[in-house]
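Asker: The following block contains the structure, expressed as structure tokens.
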Amino acid sequence: MTRTVRSETMEILRQHNLTTIFGNPGSNELPFLQDFPEDFQYILGLHEGAVISMADGFAQASGGAAFVNLHAASGSGNAMGGLTNAVYSHSPLVITAGQQVRSMVGLEAMLASVDAPTLPKPLVKWSAEPLCPEDVPRSISQAIHTALLPAKGPVYVSIPYDDWDKEAPAEARHLAGRTSVAAQELPAEIVQDLVVQLNTARNPVLVLGPEVDADDANEFAVALAEKLAAPVWIAPSPSRCPFPTRHRSFRGALPASIKDISNILGDHDLVLVVGAPVFRYHQYVPGLYLQSGTRIIHLTGDAGEAARAPMGDSIVTSVRGSLRTLAEAVDQTSRRQLPDLAPIPAASEGSFNAVHPEAVFETLRTTAPKGTVYVKESTSTSAAFWQQMDLDGQGSYFFPASGGLGFGLPATVGAQLAHKERRVIGIIGDGSANYGITALWTAAQYNVPCIFLIMKNGTYGALRGFSKLLGTGETPGLDVPGLDFVQIANGYGVPAESVSTPASLKTALNKALESNRPSLIEINTQFEG
Ligand code: TZD
Ligand code: CA
């Protein structure tokens, strides 16, 4: 049987375990999907924003790559917002898009993607349109290896649809089985130097980022913190939870302003930042980047993060490998162990007919099983979340890594597709839900048993917070009244109910946990502006 560009490509995908395809098709993509192999599954999303974020949630929860197939420029354009998150979560998304037939791109026929590789730049690591059909399989292979080599991230390949039936070059047979590995262990002399600095620091502190969790290095972070008896902060604007939140070292998520961070770190002579940028600021509150007497050592797998940091000494290395090595090599400190954490405070009372966000999270903590995976996209409730939750273990928390809304609801579906054992609960704002709402349909049709909690406070709460910070007062476009998520969910085929008290939330949550279908709970929540 002659090997076609299509069959060779499918074999490469199969060898890389990329047999789940997230997509939304158009005419340009149908020839790729023709003769769809039985060992592959196609997950249809109804809008490309949902497609890309489902794939992102799937990739992050599974720890592997995810394959995406979009429709030319219009489909790729719809996915661009989601792509901003995938860049900063270092999600290895292998994104392909169908192109018009080669002979009709130049004359700009309908659905030709003019200068296709330029479209997703600068968001992707690599973007290409193979110069001839014979180079399609190798380009797909290059895309996969590029996405997975450090720093991981999304890539994009545009493929003219008349390429798929062409005969593949015989030498393409080398592609499917090949491997590429980054061996980035720290050399002994660097380890030695780091160990001396950590052993002799007077008051060291750890700042841990999402890459610790992505690299499954959480246990080594705990071991290092215990040997140093050091407090641990999660790096600002956290998109993952790299450290158990009820560990005595845990201090919470760092605030995201220049001034607040240097104030907190100013108590320490040595700051070890691992697996995060230095730093991912958000609110602009100017001040010192770093107080005198504080030094930063920065370990990251991302050379870009190392290069753009405004202070500190960076080492580009494997986060997992370096944390494991350091946890083993540093001395057990003679400083006193840190005291136990104070007990979690009781949740604040909500008002009549509205649950306080703290009570939502308290209910989750006391009702959902251990090992539950949380995807969160409710922007005004972060403080309540970190105060109330008890997160432990790798891969238990995901938040849009670049703050682009539309991640949460689809990523809940994608993460649940990756997890057979762990239940995934999406905590989604009534504003955020709308950017990825069509993923409800995918959850219903593929019977993905995730649970969506819609935090309905009627407003873009975070923006009300920002309007205070910026002194902009009452501006238009801040409220979102008149949304009925029970009806919306029913329309997409997901059973739903609305609750207004912690007790009814608990009942609804237990019911959702017992069912093996997706469900949505709309929670009337209180907004404290
Ligand atoms: N559009 C997109 C794609 N991403 C964004 N981040 C915004 C707009 C701006 N934005 C924020 O940064 S937070 C927010 C918006 C609109 C409000 C989200 O409201 P919510 O959550 O109801 O989801 P809270 O808890 O009420 O803040
Ligand atoms: Ca809201």
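The values are calculated or read from the model by the stated rules, or taken from the named source; none is laboratory data. Keep in mind that this is a model prediction, so the values were computed, not measured. Neighbour counts are summed over all protein chains in view; Cβ atoms, including those assigned to glycine, are modelled from backbone coordinates with ideal geometry. The protein model used for the area step is the full one, side chains on, heavy atoms only, and it has no ligands, DNA or RNA in it. Shrake-Rupley method; radii C 1.70, N 1.55, O 1.52, S 1.80 Å.
Asker: So, in nm, how far is label Gln15 from label Val486 when the simple model puts each one 7 Å beyond its Cα toward the Cβ?
Answerer: 5.4
Asker: A further question follows. What whole-number distance in Å separates the alpha-carbon centres of region 176-224 and region 369-393?
Answerer: Cα centres, region 176-224 to region 369-393: 25 Å.
Asker: Hey, can you rank 119-131, 190-202, 56-68 by average C-beta count inside 10 Å, highest first?
Answerer: By packing density, highest mean first, the sequence is 56-68, 119-131, 190-202.
Asker: Quick check: net charge around Phe361, other residues with Cβ under 11 Å of its Cβ, Lys/Arg +1 and Asp/Glu -1?
Answerer: Result for the neighbourhood of Phe361: -1.
Asker: Here's another thing I want to ask about it. Taking only the C-alpha atoms, wrap a convex hull around region 109-230 and report its volume per residue in Å³ as a whole number.
Answerer: 164
Asker: Where does each of Leu463, Leu254 land when they are ordered by accessible area, with a 1.4 Å probe and the largest first?
Answerer: Leu463, Leu254
Asker: Hey, another quick one. Compute the distribution of all C-alpha to C-alpha distances in region 307-402, in bins of 5 Å from 0, and list the percent of pairs in each, rounded to whole numbers.
Answerer: Spelled out bin by bin, region 307-402 gives 2, 9, 13, 14, 14, 15, 14, 10, 4, 2, 1, 0 percent.
Asker: Once you've got the Cα coordinates, tell me which of Lys259/Lys468; Lys259/Lys456; Lys376/Lys468; Lys121/Lys166; Lys370/Lys511; Lys121/Lys152 are over 21 Å apart.
Answerer: Pairs exceeding the cut-off: Lys259/Lys456; Lys376/Lys468; Lys121/Lys166.
Asker: Let me ask another. With a 1.4 Å probe and all protein chains kept in place, how do Ser91, Ser351 rank by accessible area, largest first?
Answerer: Ser351, Ser91
Asker: Could the peptides 411-417, 393-399 be put in order, highest first, of the mean number of other beta-carbon atoms found within 10 Å of their residues?
Answerer: Highest mean packing first, the order is 411-417, 393-399.
Asker: Quick check for you: with a 1.4 Å probe and neighbouring chains kept, what is the accessible area per residue of the chain, in Å²?
Answerer: Accessible surface, normalised per residue, equals 41 Å².
Asker: Give the accessible area for Asp267 in Å² (nearest 10); use a 1.4 Å probe, count only protein heavy atoms, and leave out ligands, DNA and RNA.
Answerer: 100
Asker: Say the dipole of the chain comes from +1 at the beta carbon of Lys and Arg and -1 at that of Asp and Glu; which of Tyr42, Tyr446, Tyr281 then lies farthest toward its positive end?
Answerer: Tyr281
Asker: Sticking with this structure for a sec: Counting only other residues whose beta carbon sits under 15 Å from that of Leu107, what net charge do I get with K and R as +1, D and E as -1?
Answerer: -2
Asker: Computed over the Cα atoms, what is the radius of gyration of region 155-203 divided by 2.2 N^0.38 Å, N being its residue count?
Answerer: 2.46
Asker: Starting from the Cα-Cα distance between Ala346 and Leu470, subtract it from 0.36 nm times their residue separation and give me the gain in nm to one decimal.
Answerer: The span from Ala346 to Leu470 would gain 41.5 nm if fully extended.
Asker: Determine the relative contact order of the chain: mean sequence separation of Cα pairs under 8 Å and six or more apart, normalised by residue count, in whole percent.
Answerer: Reported relative contact order: 14 percent.
Asker: Separate question: Cα extents of region 177-250 along the three principal axes, largest first, in whole Å?
Answerer: For region 177-250, the Cα extents along the three principal axes come out at 47, 32, 19 Å.
Asker: Also, I was wondering about something else. Cα-based Rg (one decimal) and Dmax (whole number) for region 188-329, in Å?
Answerer: For region 188-329, the Cα radius of gyration and maximum Cα-Cα distance read 13.6, 40 Å.
Asker: Additional query: Could you pull the Rg and Dmax for region 357-524, using just the Cα atoms, both in Å?
Answerer: 15.2, 47
Asker: Send over the semi-axes of the chain's equivalent ellipsoid, whole angstrom and largest first, taken as the square roots of 5 times the C-alpha gyration tensor eigenvalues.
Answerer: 38, 31, 21
Asker: If we sort 227-239, 512-524, 174-186 on the protection proxy, mean other Cβ atoms within 10 Å, highest first, what's the order?
Answerer: 227-239, 512-524, 174-186
Asker: When Lys and Arg each count +1 and Asp and Glu each count -1, what net charge do the other residues less than 14 Å away from Ser378, Cβ to Cβ, add up to?
Answerer: Net local charge, Ser378 excluded: -2.
Asker: Assuming 1.567 mPa s and 4 °C, estimate D for region 5-174 with Stokes-Einstein, Rh taken as the Kirkwood radius over Cα pairs, in µm²/s.
Answerer: It comes out at roughly 83 µm²/s.
Asker: Right, another one. Using only the alpha carbons of region 229-299, what is the convex hull's orientation-averaged projected area in square nanometres?
Answerer: Orientation-averaged projected area of the Cα hull: 4.6 nm².
Asker: Return the equivalent ellipsoid semi-axes of region 15-109 as a descending list in whole Å, where each equals the square root of 5 times an eigenvalue of the C-alpha gyration tensor.
Answerer: 23, 17, 11
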